[in-house]
Each structure stands twice: as structure tokens, then as C-alpha cells.
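Notes to accompany the following structure.
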Amino acid sequence: MLPDQQLLRIPGPSPIPPSVQRAMSQPMIGHRGQETSAMLKNIGPGLKRVFGTTQEVAIITGSGTAGLEAAVVNTVQPDDEVLVIVTGAFGDRFSKICEAYNIHTHRLDVEWGTALNPTEIKQYVQTHPKIKAVFSTYCETSTGVLNPINKLAEAVREVSDALIIVDGVSCVAGVETKMDEWGIDVMVTGSQKAFMLPAGLTFIAASERAWEIIENNERPRYYLDLAKYRDNLLKDTTPFTPALSLLFGLEQVLNLMAEEGLEQVYERHTLMMNMTRAAFKALEIPLLTSDADASPTVTAVQPNDFDAEAFRKVIKKEFGLSVAGGQQHLSGKIVRIGHMGYCSPADVLQTISAMEIGLMKIGKNIELGKGTAAAQQIYLNQGVLV
Ligand SMILES: *Cc1c(COP(=O)(O)O)cnc(C)c1O
């Protein structure tokens with residue numbers, strides 16, 4: 001194995017483009033100066049496009065979980081009841097944050113590997129009219145499910161004024177997100193997944209009606225007070241010292257996305273999902289999710305005749321190729337492959353062919369090249385899954 005080579009195919013952190021790496025190594029500047037204001041001014045429109053919103057997108061220094069906590073403390077008023085839809089480990093995290101603040105939390109568990117059902121949630125909200133906010137996960141990273149948040153928002157609105165609050169950490173910037181058009185009230189994401197940056201930033205936007213609640217919310221908060229971030233952004237500045245190196249990188253990430261075109265970014269992710277899924281189907285290794293529920297950013301497979309952990313170990317040792325295991329009750333039972341951000345169809349072909357060798361090495365009897373050929377065929381079919 002080449003000592004300095006990392007093939008990072010976990011669902012975050014994800015690889016960083018060389019031009020972004022270079023941008024982040026620029027000399028430090030003053031955070032109250034003209035250069036920082038100009039940079040923030042330049043970043044704003046690109047972030048809004050990625051979120052599909054005309055609202056300000058707050059940039060908070062902290063990991064994605066800081067953004068989740070900000071969503072909770074800003075929108076949930078002291079006596080509110082909330083519903084958290086748990087489709088995996090990250091829905092579970094949202095419910096734990098709510099519980100940590102002693103919020104009256106209803107929890108609706110969905111079988112891991114399956115997407116939420118908007119009709120079921122609509123019925124739940126209808127029979128629990130005190131629910132003021134519905135929390136869900138866009139891509140549930142622990143299973144590779146993409147939840148239909150647009151349909152969720154539509155269904156809930158038919159029966160309730162509850163805010164729709166979404167954790168989009170592992171897919172926003174890799175999957176189409178139309179916050180305003182879909183009626184999403186709060187959207188949160190982070191820097192180290194489809195945003196092609198190191199961990200350290202969380203991005204969060206709120207709708208008009210969410211702002212009304214945020215502004216009148218008496219729950220105590222200070223560092224995570226979203227209004228501070230918005231009011232400062234409107235003056236091209238930040239309430240606290242921003243992570244300037246990450247902002248240098250973010251500016252370049254948004255340049256790269258504009259150059260490729262957001263539509264093309266999303267198509268590339270769909271293509272990588274289809275190539276990965278076709279490969280495992282050809283190898284007859286079960287996928288955890290159905291085609292309909294699958295996320296374009298992460299694919300989970302559930303081996304039935306080989307050891308997931310032995311497989312992960314051998315590809316790491318042979319090729320420096322990292323893929324993720326399962327979380328909570330799926331620990332040791334699944335393998336998750338990240339294909340997001342700075343990742344191309346060529347990277348997917350490399351990953352699949354290296355994984356085929358890994359399967360042989362742990363004694364699984366496969367026909368070498370069968371998965372790679374299936375992925376190649378998808379590429380030649382212009383990405384259409386057959
Ligand atoms: C990665 C991730 C987070 C945030 O995790 P941090 O470690 O705090 O950055 C939150 N939600 C989802 C869905 C994620 O994939």
C-alpha cells in the first residue's frame with residue numbers, strides 16, 4: 001500500500017479538492033476587515049442556491065450537531081410538543097437533543113433501511129394537535145435512505161402549522177434541495193460531507209414563519225442564537241470570529257459547484273449511486289435499502305455470507321480504502337460506502353474493483369469484474385439503472 005494514499009469512501013468526512021485545500025492555506029486575515037466582508041458577501045448567494053432559499057444562510061463554527069442543536073433551541077418554545085421521526089442514528093440524535101432540553105418529545109420510529117411514510121406522519125400530527133415542530137432527516141446516513149422531505153412537508157401542512165425541520169447534513173449540496181418551494185422551515189447541513197470541506201462549519205437557514213417563532217422564542221441561548229448570525233450577515237459580518245480558513249475553502253467550493261453546475265452536481269451523485277447499486281446487485285450482495293428509498297450520497301450493503309468487518313479491514317490494509325461500518329444495532333452487520341462531494345464515477349469504478357479484490361481475499365466466491373462491469377454499463381447507459 002502506498003503510505004500517503006487515502007481512498008476515503010466513508011459518508012463523511014469526505015475528500016477535499018486540491019484547489020480547496022490550497023485556498024484554505026491562505027495567510028490569515030482580520031475578521032473585522034474589508035476582505036472578510038467581501039468574502040461573506042461572495043459566499044451568500046452560492047449558499048442560498050444550494051439550499052434553494054432566498055433567506056440568509058447562517059454559518060456557525062461547529063460540527064453538524066451544533067446546527068442540529070441550534071435548530072432545536074431556536075425554534076422550540078418552552079412548552080411546545082415536538083415530533084421526531086427516527087429512521088436511523090441521526091434521527092435518534094435529534095430526539096436526544098430534544099430530550100436533553102426536557103422538551104416533550106414524541107418519537108416515531110421507522111424500520112432502519114426504510115424511508116418515512118408521509119401519510120403516517122400526517123395522521124400522527126392530526127391526532128396530536130399540540131405538536132409544534134416535526135424533525136426529520138433528509139439523508140439518513142446510518143442506512144443510506146433519502147427521506148421524501150418534500151412530500152413530508154406537503155402532508156403535514158395539510159393538517160398542521162407545525163414547523164418542518166430537516167437535518168440535511170449528509171446530502172445538501174449533493175442532492176437537490178428546494179427549501180422554499182418545498183415548504184421546509186429549517187434546513188441544517190455541515191461542511192464535511194457533500195460540501196467537500198473539513199468538519200467545522202454548520203449551515204442553517206430558516207423560513208419566514210420559522211423566523212417569526214425564533215424571534216419570539218423565550219428559550220435561553222447565546223452562541224447558537226440564529227438571529228445574531230442573521231443580523232450580522234445582513235451587514236456582511238459575523239457575531240463571533242469565523243473559521244476563516246474554512247471560509248476560504250467554502251468560497252472555492254462554491255466556485256467549483258458553479259463551474260460544474262448544480263444540476264450536474266446532482267446528476268453526478270445519482271449516477272454514482274446507480275453505479276454502486278448495480279455493482280452489488282450484479283455481485284448478488286444484498287442492498288439495505290430499496291431503489292426508491294436510496295440516497296445518492298451513501299449506499300449501505302448488508303452481507304449475508306461474509307464478515308462485514310473482515311471485509312472493511314482487508315480493503316483498508318490492501319488499498320488504504322476506507323468504507324464505514326454500521327451504527328447502533330447495525331454495527332458489524334452492514335458496510336456503508338460514501339460517494340459524495342469530491343467523488344466521481346471514475347472513483348466509484350476504482351472503489352468497486354478494489355472491493356472485488358477485498359471480497360476474494362476474505363474468501364467470498366465472486367466472479368471477478370462482474371460488479372465493475374455492471375457499474376461500467378450504467379455509466380455507458382448515461383446513468384440509467386436497468
Ligand atoms: C454527519 C452527520 C451529522 C453531524 O455530525 P457531526 O459529527 O456533528 O458533524 C448530522 N446528521 C447527519 C445526517 C449526518 O450524516
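Over all other residues within a Cβ to Cβ distance under 13 Å of residue 237, the charged ones net out to +1, with Lys and Arg as +1 and Asp and Glu as -1.
At q = 0.11, 0.19, 0.22 Å⁻¹, what is the log10 ratio I(q)/I(0) for the stretch 153-288, with the Debye formula run over Cα points and no solvent? Here the Debye-derived log intensity ratios amount to -0.55, -1.27, -1.42.
Taking 4.7 Å between beta carbons as the limit, the unpaired Cys residues of the chain are 98, 343. A DSSP coil position with no more than 13 other Cβ atoms inside 10 Å describes the following GluC sites (Glu not before Pro) in the stretch 308-386: 367.
Taking the centroid of alpha carbons for each part, the stretch 233-291 and the stretch 125-202 are 16 Å apart. Express in % the proportion of alpha carbon pairs of the stretch 86-188 at distances exceeding 25 Å. The answer is 11 percent, as a whole percent. Hydrodynamic estimate: the Kirkwood radius of the chain over Cα pairs, inserted into Stokes-Einstein at 20 °C and 1.002 mPa s, corresponds to D of 100 µm²/s. Among all the lysines, which ones have a C-alpha under 28 Å from residue 48's C-alpha, if same-chain residues fewer than 8 places away are not counted? Once the sequence-local lysines are set aside, what remains near residue 48 is 132, 151, 178, 193, 228, 235.
The angle between the Cα long axis of helix 262-282 and the longest principal axis of the Cα atoms of the chain comes to about 40 degrees, rounded to the nearest 10. Take the Cα of residue 178, go 7 Å toward its beta carbon, and the backbone nitrogen atoms of the stretch 91-129 under 19 Å from that spot belong to 118. Taking every C-alpha pair closer than 8 Å and separated by at least 6 residues, the mean separation divided by the residue count of the stretch 148-274 gives a relative contact order of 22 percent. Angle, helix 345-361 long axis vs. longest principal axis of the chain, Cα atoms, 0 to 90°, nearest 10? Roughly 50 degrees between the two axes. A cut-off under 15 angstrom between Cβ atoms defines the neighbours of residue 92, and their net charge, with Lys, Arg +1 and Asp, Glu -1, is -3. Between residue 256 and residue 292, the contour length at 0.36 nm per residue exceeds the Cα-Cα span by 10.0 nm. For the stretch 223-284, applying the loop criterion from DSSP together with a ceiling of 13 other beta carbons within 10 Å to the GluC sites (Glu not before Pro) yields 284. Under 15 Å from the Cβ of residue 62, count the other residues' Cβ atoms, weight Lys and Arg +1, Asp and Glu -1, and hand me the total. That sum, taken over residues with Cβ under 15 Å, equals +1. In this simple spin-label approximation, residue 373 and residue 5 carry label points 7 Å from Cα along the Cα→Cβ vector, and these lie 2.5 nm apart.
The long axis of helix 34-51 is offset from the longest Cα principal axis of the chain by roughly 70 degrees.
Distance between the 7 Å Cα→Cβ label points at residue 111 and residue 212: 4.0 nm.
Every number in this text was worked out from the coordinates using simple rules, so none of it is lab data. From a predicted model like this one, the values you see are computed outputs, not experimental measurements. Positions of Cβ are generated from backbone atoms using ideal geometry, with glycine treated the same way; all protein chains shown enter the neighbour counts.
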